[in-house]
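The values are calculated or read from the model by the stated rules, or taken from the named source; none is laboratory data. The model shown is predicted, which means the values in this text are computed figures rather than measured ones. Because the Cβ atoms are built from the backbone with ideal geometry, glycine has one as well, and the counts that use them run over all protein chains shown. Areas reflect the complete protein model, heavy atoms only, side chains present, ligands, DNA and RNA absent. Shrake-Rupley method; radii C 1.70, N 1.55, O 1.52, S 1.80 Å.
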Amino acid sequence: MVRPEEEVIRKRQRERARITALLLGAFVVLLFFITIAKTGINW
Amino acid sequence: MPTLELTNPAALPADWRDFVALTKPRVMYLVVFTGLCGLLAAPALPPFVLGFTAILCIALGAGACGALNQWYEVEVDAKMRRTAKRPLPAGRMDRQSALHFGVGLGTFSVLLMGLATNWLAAVLLAVSILFYVVIYTVWLKPRTAQNIVIGGAAGAFPPLIGWVAATGQVSALPLLLFAIIFLWTPPHFWALSLFVRSDYAAAGIPMLPVVAGVESTRRQIFLYSLPMAAAAIAPWPLGLTGAVYGGSAAVLSFVFLVLAGRVAASRSTEPAQMHAEKHLFAYSVFYLFALFAVLVADRGLAW
């Protein structure tokens, strides 16, 4: 059986992992568009 | 296996919302807005994504300043009602996490700024972060009543950085925008510090009302408002903006001076009765927003 405090820890870790993944995904997308803008290609 | 007690919240991994709170998001609005106005007032606009990234970097740099400020001032924050509920003094986060977060965010914002726009903008962003953390937070704030006067330079960087991110160079108008915020900061913060001075006194922060007294602070507010108003109107006679900005800056600054004059004439000693100080503080925020918004509108009309 999982102790209540361990459940709180896991919940926070899950939330933080989800936020980190979202931010990393957004960063990859941003880098892609920065690269496109820097190369000066007009789409 | 060791277990963690909920009675010691700092032993838990901090909630992600507390990391957001560490960046002082409410303070960030003005930084982002003035940075954006500096960028939009520039003669040449960068591609949208690069402009967006520049503003994002300014916001992240401001967030890093907030995190490192809270990391350093945890004991002081614990003594003030206004700040006691922040993540570190409230015990919801350990100091090391705040330090790592602040340094990481600051480094990331500077590198991204350099890669996306130009390295002069990145250097200015790095200087503004270091100025706020080292010169203002660590050195001036706990030592001198002039902390806000010199430290105000840190908050004056965003429009300059926004302009340089767009153009790659420094010129007269962004330097004047820097001067406007630099000179606006003392009356703005001193108005606030008048009605929360007991908090600053309890925390041992030598803000002007604590060290020099209420009457002297009220005089200084009015005296500093004069060069601020002159700097705000200056871009017009110098030919850097049009009459729309010049007229608006004159009216906005006149109202600022009237409110600062009311503060100088005020004799209230109880914070609850300091209406003139509260009006000036609220107006000072509106003043900066309005001044920069009019600047962008004026430059837009000039194109």
> With springs only between Cα atoms under 10 Å, which of B:ALA154, B:ALA172, B:ALA54 fluctuates most in a Gaussian network model of chain B?
Replying inline: B:ALA172
> Where only protein heavy atoms count, and the probe is 1.4 Å, what is the accessible area per residue for chain B in Å²?
Replying inline: 43 Å²
> Hey, what number do you get for the protein assembly as shown at 222 nm if only DSSP H runs of n ≥ 4 count, each worth -39500 (n - 2.57), divided across all residues, to the nearest 500?
Replying inline: -24500 deg cm²/dmol
> How far apart, in nm, are the 7 Å Cα→Cβ label points at A:PHE27 and B:ALA90?
Replying inline: 2.7 nm
> B:ALA62: net charge of surrounding residues, Cβ under 12 Å, Lys/Arg +1, Asp/Glu -1, itself excluded?
Replying inline: +2
>> Could you tell me which residue out of B:CYS57, B:TRP184, B:ALA116 lies farthest along the dipole of chain B toward its positive end? Charges go on the beta carbon: Lys and Arg +1, Asp and Glu -1, centred on the Cα centre.
In response: B:TRP184
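Assigning unit charges at the beta carbon (Lys, Arg +1; Asp, Glu -1) and nothing else, what dipole magnitude in debye, to the nearest 20, does segment B:1-151 show about its Cα centre?
Details: 12 positive and 7 negative charges, 89 e Å.
Value, rounded to 20: 420 debye.
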> Between A:ILE19 and A:ARG3, how many nm apart are label points set 7 Å from Cα along the C-beta direction?
Replying inline: 2.5 nm
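Between B:ALA293 and A:ARG12, what FRET efficiency follows from the Cβ-Cβ distance if R0 is 51 Å, with the result rounded to 0.05?
Working: r = 40 Å, r/R0 = 0.79.
My answer for the efficiency is 0.80.
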> At what distance in nm do the modelled label points of B:GLN169 and B:LEU115 sit from each other, each positioned 7 Å from its Cα along Cα→Cβ?
Replying inline: 2.8 nm
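Between Rg and the Kirkwood Rh of chain B, both from Cα atoms, what is the Rg to Rh ratio?
Values: Rg = 20.1 Å, Rh = 20.2 Å.
Reported Rg/Rh, Kirkwood definition of Rh: 1.00.
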> For the protein assembly as shown, how big is Rg over Rh, using alpha carbon atoms and the Kirkwood form of Rh?
Replying inline: 1.01
>> Given Cβ point charges of +1 (Lys, Arg) and -1 (Asp, Glu) and nothing else, what value in debye, to the nearest 20, does the dipole of segment B:210-279 about its Cα centre take?
In response: 80 debye
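Given Cβ point charges of +1 (Lys, Arg) and -1 (Asp, Glu) and nothing else, what value in debye, to the nearest 20, does the dipole of chain B about its Cα centre take? Mind showing how you got there, number by number?
Values: 19 positive and 12 negative charges, 91 e Å.
Magnitude of the dipole: close to 440 debye.
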>> Of the candidates B:GLY155, B:GLY61, B:GLY91, which one comes out as most mobile in a Gaussian network treatment of chain B with C-alpha springs shorter than 10 Å?
In response: B:GLY91
> How many angstrom lie between the C-alpha centres of segment B:231-303 and segment B:15-61?
Replying inline: 23 Å
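Could you run the numbers on buried accessible area between B and A, total for both chains, 1.4 angstrom probe, in Å² to the nearest 100?
Accessible area lost upon association: around 1700 Å².
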> Quick one: what do you get for segment B:192-259 if you divide its Cα Rg by 2.2 N^0.38 Å?
Replying inline: 1.48
> Taking every eigenvalue of the Cα gyration tensor of segment B:123-276, multiplying by 5 and rooting it, what semi-axes result, largest first, whole Å?
Replying inline: 29, 22, 9
>> Projecting each Cα onto the charge dipole of chain B (Lys/Arg +1, Asp/Glu -1 at the beta carbon, about the Cα centre), which of B:ALA145, B:LEU160, B:ALA264 comes out farthest on the positive side?
In response: B:ALA264
>> Whole angstrom only: what separates the Cα centroid of segment B:168-209 from the Cα centroid of segment A:2-29?
In response: 38 Å
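Exceeding 29 Å between C-alpha atoms, which entries from my cross-link table qualify? They are A:LYS11/B:LYS79; A:LYS11/A:LYS38; A:LYS11/B:LYS24. Don't skip to the end; give the middle numbers.
Values: A:LYS11/B:LYS79 32 Å; A:LYS11/A:LYS38 40 Å; A:LYS11/B:LYS24 25 Å.
Flagged as over cut-off: A:LYS11/B:LYS79; A:LYS11/A:LYS38.
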> What figure in square angstrom, to the nearest 10, would you give for the accessible area of B:GLU75 with a 1.4 Å probe?
Replying inline: 110 Å²
>> Please identify the DSSP H helices in chain B that span no less than 27 Å along the helix axis (Cα) and have a mean Kyte-Doolittle hydropathy of 0.5 or more.
In response: B:48-72, B:95-116, B:147-167, B:172-195, B:214-233, B:243-265, B:275-302
